[in-house]
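**Q** The structure follows.
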Amino acid sequence: MFAHTLEIGLWAWVFFQHGMFTQWETAFYFAGATFTTLGFGDVLLPNDWRLLSGAAASNGLLLFGLSAAFLFDVVRQLHLGGKT
């Protein structure tokens, strides 16, 4: 969860630093909604930056997949007692 929150925060920082949003809370909300691929649509990037939301969503999808693979490996090793 820490890695996901950190990654969402980094996306929010990029959005905020480049002036896509005037409030940090809105930038963080958009980053979280996009990163989790929910994409509510109530907050949008400016037209010049809208393709960046796809990159954030793709990044989130990949990080969630990596986290799932890591958790499955941990459970597998615990179940087998560390034997491969």
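**Q** What are the membrane-span-like helices in the chain by this rule: whole DSSP H runs, Cα extent along the axis at least 24 Å, mean Kyte-Doolittle hydropathy at least -0.5? Mind dumping the intermediate values first?
**A** Details: long enough: 51-79 (43 Å, 1.19).
Helices meeting the criterion: 51-79.
**Q** How long is the gain from residue 77 to residue 38 if the chain were fully straight, where each residue apart is worth 0.36 nm and the alpha carbon distance is subtracted?
**A** Working: separation 39, 0.36 × 39 = 14.04 nm, distance 3.20 nm.
Taking residue 77 through residue 38 to full extension adds about 10.8 nm, to one decimal.
**Q** To continue, here is another question. Residue separation times 0.36 nm, minus the C-alpha to C-alpha distance between residue 68 and residue 47: what's the value? Intermediate results must be reported in sequence, preceding the final value.
**A** Values: separation 21, 0.36 × 21 = 7.56 nm, distance 3.33 nm.
The residue 68-residue 47 span can extend by a further 4.2 nm.
**Q** While we're looking at this one, here's another question. In the set (i) 63, 32, 21; (ii) 52, 19, 18; (iii) 38, 26, 20, which value of Cα extents along the principal axes in Å was calculated from the structure you see?
**A** (ii)
**Q** With runs of 4+ DSSP H residues as the only contributors, calculate the mean residue ellipticity of the chain at 222 nm using -39,500 (n - 2.57) per run, divided by the residue total and rounded to the nearest 500. Intermediate values should be presented prior to the final figure.
**A** On the way: 3 runs with 57 residues, N = 84.
The helix-only estimate for the chain comes to -23000 deg cm²/dmol at 222 nm.
**Q** Related question: Which loop-located chymotrypsin sites (Phe, Trp or Tyr not before Pro) does segment 4-80 contain, where loop means any DSSP state but H, G, I, E or B and the Cβ has at most 12 other Cβ atoms within 10 Å?
**A** Values: sites: 11, 13, 15, 16, 21, 24, 28, 29, 30, 35, 40, 49, 64, 70, 72; in loops: 21, 40.
Passing both the DSSP loop test and the Cβ count: 40.
Values quoted throughout were computed directly from the atomic coordinates according to the rules given, and no laboratory measurement underlies them. Model, not experiment: these values are computed from the prediction. Here Cβ is always computed from backbone atoms with ideal geometry, including for glycine, and neighbour counts include all displayed protein chains.
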